[in-house]
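The values are calculated or read from the model by the stated rules, or taken from the named source; none is laboratory data. Predicted model, so just to flag it, every value in this text is computed and none were measured. Here the Cβ positions follow ideal geometry from the backbone for every residue, glycine too, while neighbour counts run over all protein chains shown.
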Amino acid sequence: MRGKPAIKRKIEGDSRYNDTDISKFINYIMQRGKKTVAQNIVYGAFEVIKEKTKQDPRHIFNKALKKISPTLEVRGRRIGGANYQIPYQVRGDRRFTLGCRWLIGAAKERKGKPMYVKLADEILAASEGEGAAIKKKETVHKMAESNRAFAHFAR
């Protein structure tokens, strides 16, 4: 690896809830630097969640991310001329990143509604253990489980 690894920056909390996880989630949704659009999507989704459940949307968001976040993943590694899919434990920050990525991707796949409604529906489904993001996590875990025989190749 050339050069030094990038320094991790400290991210401030978002404007409404002062929560760093929500601020990161807004940054993941943001496209082409349009942060106010991303904030409107996330806060609109939180309003929909609040109307449907009568609970604090932050708790439902955190519950959904906890259920989506993977604990195992597979990485390809070349050993002796063959490529093996080796299961690895997922670190905490990568776990959060993958959970957010899958949640946003699953919300984008839904059709026919505004993005904030799709995102709210996906967060609610994930908090109940359903939805496309949960399905993605289960496929990743199945892949890691089926390749458990190659776990001894991990360093």
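The residue pairs whose first member lies in segment 1-24 and is surrounded by 10 or more Cβ atoms within 10 Å (Cβ to Cβ) and at pLDDT 90 or above, whose second member is of a type outside the set (Gly, Ala, Ser) and not in a helix (DSSP H, G or I), and whose beta carbons are closer than 7 Å, counting only pairs six or more residues apart or on different chains, are Gly13/Asp19; Thr20/Ile11; Ile22/Asp14; Ser23/Ile11; Ser23/Glu12; Ser23/Asp14; Lys24/Ile11. No other residue among Asp21, Asp14 is within 22 Å of Leu98 (Cβ to Cβ), under 19 Å from the mean Cα position of the chain (by Cα) and assigned to a loop (DSSP other than H, G, I, E, B) apart from Asp14.
Of all residues being in contact (Cβ under 8 Å) with a residue 60 or more places away in the chain and not hydroxyl-bearing (Ser, Thr, Tyr) in segment 25-46, which is farthest from Lys66 (Cα to Cα)? Just the residue, please. Selected residue: Asn40. The set of residues from segment 67-93 being surrounded by fewer than 13 Cβ atoms within 10 Å (Cβ to Cβ) and assigned to a helix (DSSP H, G or I) comprises Gly92, Asp93. Hey, any hits in segment 142-150 for a residue that's in contact with a Gly (Cβ under 8 Å, 6 or more places away or on another chain) and surrounded by fewer than 18 Cβ atoms within 10 Å (Cβ to Cβ)? No, the conditions are met nowhere in segment 142-150.
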